[in-house]
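Structure first, then comments.
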Amino acid sequence: MYLALLVIFLQFSELYTQDKVFTFNTVEIKVEPSVKVRNGAPMSIICHADISKSADFQLKYNFTIFKDHKLVFMTVSDTGDAQYEVPVAKSSDTGDYQCTVKADKKTRSSDPVHVWVTGMTKPTLTADKRDVLEGEVVKLRCELPEEDPPLQFCFRKIKTNSTPRETCVPESYTNFSVLEVSVEEGDNILQFDCFGRRNVKLEWEDSAHSNKTLVTVREPFIKPTLTTVPSSNNVTEGDQIQFECSTVVVEMRDIEIILQKNKSILNSVQDKKLLRYSTVATLEDSGEYLCKVEQGGASKTTKLNVVVSELFPKPTLVASMTKLDKNKELILNCSINGFQTANFSIIRKNANGDIPLKNSQTLKMRVNVNDTGSYTCKAEVKGIVKESKPVRINVYAPVSKPTLSVAGGLPEVVLGKPLQLICHSVMGTPPKTFRFYKGDDVEKIVINDTYATFLDENIRLNDQRGYRCDARNNHSSGVKTSDILNVTVIVPVRDASLGSVPYGEVEDGSEIAFLCSVKEGSLPILFRFFKKTDNEVLLFEKIEHRDRAMWHKETMKRQDTGTYYCVASNRANVDVRSQPITISVILAAWKKGVVAALVLITIAGAGALALWWFLRKKKKAKGPSMEMSGSALAANLTSEKLARQPNDGDYYSGSGYIEDSENHMKSTDESKGPDLESAEVEYTEVEVSTLDPHRDSMENRHSRISGHPDAT
C-alpha cells in the first residue's frame with residue numbers, strides 16, 4: 001500500500017515539474033528619454049526580460065543593472081520588467097549599462113547600451129590671495145563637486161591686452177585641482193578662471209568656464225637704471241670707465257643687484273640700492289652689459305651697450321727668416337702701424353709660461369735647434385698692452401746618412417712574400433723626407449720624423465736591382481743617401497719525392513738506400529726522413545747544398561716493414577712532404593733454401609717408411625694372392641686414371657707416380673700379352689716405388705718455389 005502511494009506521489013511530482021518549463025527569449029535594456037541625456041535631466045534605465053513558459057505559473061525575477069561593469073541597481077520582481085530611476089543625470093552617469101536577469105537557476109544578460117549625459121557642471125575657482133607682490137605665488141583651486149574623476153582641469157591667466165595663458169592639469173582620482181602661479185614682472189592686474197574637461201568615447205567634452213577671480217599685483221622695486229662714466233658711446237682704450245646700477249625698493253629685505261657681461265658676473269651687492277664697478281677700458285670691454293635686481297621670486301633687468309674705441313692697433317712681429325740652418329743669425333722686429341711711442345718687449349711662447357727675451361723693439365740672435373718655437377711681441381701705451389700674432393721659427397740641423405735595413409733582420413726575402421724595408425736617419429731636425437729607390441726608380445716618398453718604411457710586394461726571382469734610400473729636411477746641406485742594400489730572394493722548396501734502392505721489397509738483413517729530392521728551392525736544404533707510425537718517427541736528417549740527399553740503412557729487419565716519406569725545407573720555412581712509399585722486408589734466399597731442404601728431408605723420410613712397409617707386406621703374400629692384388633691394383637689404377645682428368649694448374653702430392661706407372665704398364669701389356677700381366681705389375685711396382693717418389697717429389701717442390709712471388 002505504501003509503495004503504491006509513493007509511486008502515485010512521484011508520478012504527480014514529475015507531472016508538476018514537467019508543467020513548470022520556461023526559457024529566456026531575450027533580455028533587453030533601454031533608456032528613457034534617450035541614450036543621450038542632458039546634464040540635470042531625469043533618466044530611466046529599463047530592463048525587460050522576454051520569457052516563454054510551458055504553463056501559466058509564477059516566477060521570481062532577480063534584476064541586476066551594471067554601469068561599466070560596476071553594480072548600480074538590484075531588485076526582485078514578479079514581472080519581467082525592472083526600472084532604475086536617475087532623478088538628476090550628471091556627467092558621471094555616462095557609461096555602458098547592462099542588465100542581468102536570473103530566474104530559477106537560469107540567467108540571461110542583455111547587450112550593453114552606452115548612455116551619454118551631455119554637458120558638465122560649472123566649476124568653482126578660488127585664490128588664496130587677492131593682493132600680491134611681483135615674484136610671489138598665488139595658489140588657485142578649481143573644483144567640480146558633482147563630477148567623478150578622471151578629469152582634466154585647465155587654469156587660465158588673463159592679462160590686459162594679451163592672450164590668456166592656459167595650463168591644464170590631469171586629475172585621475174579627485175574632482176578638484178590646485179595650481180601655483182608665479183606673479184611675473186609686468187603683471188599689474190590679473191584675472192584667473194578655469195574649466196573642466198573629460199574624455200567620452202575618445203572625444204573631449206568641456207564644461208562652462210568658472211567665475212573670474214581678480215588679483216592685484218604691486219611692484220616690490222622699480223626697474224633698475226644702468227649708466228656709465230664716461231658715456232657708453234665715448235669710451236677709448238685706456239680710459240677709466242665706471243658703471244652704476246640703481247633701483248627704488250619698497251622694502252629693503254633680501255634684495256640683490258648684479259652686473260653681468262656675456263653671462264659673466266662682474267660685480268654684485270646685497271641689501272643695497274646702488275652698485276658701482278670700474279675698470280680700465282680695453283677693446284674686449286665692448287659689448288652688452290646687464291644690470292639685474294632680484295628680490296624673492298621677482299626679477300627686473302636693464303641692458304646697456306658699450307663701445308670702446310681703439311687707442312692703437314696690435315703690434316706686428318717680423319722675422320728675417322722663419323726657416324733657417326743651425327748657427328745662422330735671426331732678427332726679430334716689432335712695430336705698430338702709424339704709432340711710434342710704445343714700450344716693446346719680445347717674448348718666446350712656452351707651454352709652462354711665456355719667456356721674455358728682450359724689452360726692445362728689435363732682437364738679434366744666433367739660433368740653435370732648441371730655439372725652434374713661436375715668438376710674439378707686446379706693446380704698451382697708457383697701460384694698455386697688446387700682443388702681436390705669433391711667428392713660428394724653425395731651426396734645422398742637417399740629417400745624418402741614413403741606414404737601410406730589412407725589417408726582419410737578415411737581407412733576404414721569400415719569393416712571393418712582401419719585403420719591408422726601414423730607412424732610418426738618426427740625426428737631423430724633423431720633419432724629414434725619405435725616398436726609396438729600387439735600382440734607379442723612385443718607389444715611395446715618405447715624410448716622417450726619424451724613419452720611414454717601404455713595402456715591396458713585387459719580388460721577382462732574377463731581379464738584380466739593389467735598394468737604397470735618401471733623407472733630407474729643410475737644412476741647406478741637401479740630401480744624404482744610404483748604401484746600396486742587396487737582398488737575397490729565397491725560393492721555397494717545391495715538389496719533394498722519395499725513392500729507394502731496392503724498391504718495394506728488400507731481403508731481411510740486406511741494406512737499402514733512400515733518396516729524397518726536390519724540383520727547386522734555394523740552398524741549403526734540410527732533408528728529413530720519417531717512418532709513418534701513430535707517432536711520426538724522425539729516422540735521419542741532413543743539410544745539403546744540392547737538391548737531393550741520400551740515407552743508407554745497412555741492415556733491414558722484419559720490423560722495418562712500413563711506409564716511409566721525406567720532408568724538405570729551407571730558409572723559407574715551408575715544409576714540403578713527399579708521397580709515401582711502402583717497403584716490405586722479405587725472407588732471405590739462403591733462409592728459403594734451408595726451409596726447402598727441411599721440407600724435402602721430411603718428404604724423403606716419409607717415402608722411405610712407406611717403401612719399407614710395402615716390401616714387408618709383399619713378402620708375406622702368396623702367388624695367387626699376388627695375382628689378385630696385381631689385378632686389383634691394375635684395375636684401381638686404370639679406373640683412377642679414367643676418373644681423374646689431368647689438371648696442370650693444381651698441385652697434387654704424388655700425381656707423377658700414378659701417371660708414370662700407368663703409362664709403363666700400358667706399354668708392357670701391349671708387348672708381352674695378358675699372361676705376363678701380374679709379373680709385369682710386380683716388376684713395375686718395385687721399380688717405381690723405389691725411384692719415382694723421390695724424383696716426383698723434388699720436381700713438384702721445385703715447381704712451387706719458382707712460382708712464388710718471392711722467387712729470384
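The values are calculated or read from the model by the stated rules, or taken from the named source; none is laboratory data. Only a predicted model underlies this, so the values are computations on that prediction, with no experimental measurement involved. Every residue, glycine among them, receives a Cβ derived from its backbone with ideal geometry; neighbour counts consider all protein chains shown. Accessible surface is based on the protein model in full, side chains and every heavy atom, while ligands, DNA and RNA are left aside. Shrake-Rupley method; radii C 1.70, N 1.55, O 1.52, S 1.80 Å.
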Inset, instruction - Identify the single condition in (1) farther than 30 Å from V183 by Cβ; (2) part of a strand (DSSP E or B) that S299 does not satisfy, given that it satisfies every other one. - result: (1)
Legend entry - Options V318, V306; residue that is among the β-branched types (V, I, T), out of contact with any Leu (no Cβ under 6 Å at 6 or more places or on another chain) and open to solvent by 30 Å² or more (accessible area, probe 1.4 Å): V318
Inset, instruction - Test D508 against the criterion of being without any contact (Cβ under 8 Å) to a residue 40 or more places away in the chain and open to solvent by less than 60 Å² (accessible area, probe 1.4 Å), and give yes or no. - result: no
Legend entry - Positions within segment 200-226 being modelled with pLDDT of 90 or more and basic (K, R), in sequence order: K212
Inset, instruction - Would you check if there is a residue in segment 559-570 being at pLDDT 85 or above, within 21 Å of F527 (Cα to Cα), out of contact with any helix residue (DSSP H, G or I) (no Cβ under 7 Å at 6 or more places or on another chain) and part of a loop (DSSP other than H, G, I, E, B)? - result: yes
Inset, instruction - Sort through V385, V381 and tell me the only one that's surrounded by 16 or more Cβ atoms within 10 Å (Cβ to Cβ), under 30 Å from A319 (Cβ atoms) and of a type outside the set (F, W, Y). - result: V381
Inset, instruction - Give the number of residues within segment 248-286 that are free of Cβ contacts under 8 Å to residues at least 60 places away in the same chain, part of a strand (DSSP E or B) and not polar (S, T, N, Q). - result: 14
Inset, instruction - Among what's in segment 315-347 and is within 22 Å of N368 (Cβ to Cβ) and part of a loop (DSSP other than H, G, I, E, B), pick the residue that is nearest to the chain's Cα centre (by Cα). - result: T322
Legend entry - Long-range neighbours under 6 Å by Cβ, at least six apart or interchain, first residue within 13 Å of E180 (Cα to Cα) within segment 116-129, second of a type in the set (K, R) and in a strand (DSSP E or B): T126/R141; D128/K139
Inset, instruction - Specify the residue that is nearest to I525 (Cα to Cα); the eligible residues are those in segment 571-587 that are modelled with pLDDT of 90 or more and open to solvent by less than 40 Å² (accessible area, probe 1.4 Å). - result: V576
Inset, instruction - Name the one entry in E205, E184 that is of a type outside the set (S, T, N, Q) and under 30 Å from V293 (Cα atoms). - result: E184
Inset, instruction - Report, by residue number, each residue of segment 135-149 that is open to solvent by less than 50 Å² (accessible area, probe 1.4 Å) and modelled with pLDDT of 90 or more. - result: V138, L140, C142, L144
Legend entry - One residue from K557, K553, K542 being over 48 Å from the mean Cα position of the chain (by Cα), touching a residue at least 12 places away in the same chain (Cβ under 8 Å) and surrounded by 15 or more Cβ atoms within 10 Å (Cβ to Cβ): K553
Inset, instruction - Within segment 101-134, track down each residue that is open to solvent by 80 Å² or more (accessible area, probe 1.4 Å) and under 60 Å from the mean Cα position of the chain (by Cα). - result: D111, P112
Legend entry - Hey, F344 in contact with a strand residue (DSSP E or B) (Cβ under 9 Å, 6 or more places away or on another chain) and either more than 27 Å from T236 (Cβ to Cβ) or surrounded by 15 or more Cβ atoms within 10 Å (Cβ to Cβ) (or both) or not: yes
Legend entry - Subset of segment 168-193 (residues that are open to solvent by 60 Å² or more (accessible area, probe 1.4 Å) and assigned to a strand (DSSP E or B)): P170, F176, V178, E180, S182, I189, Q191
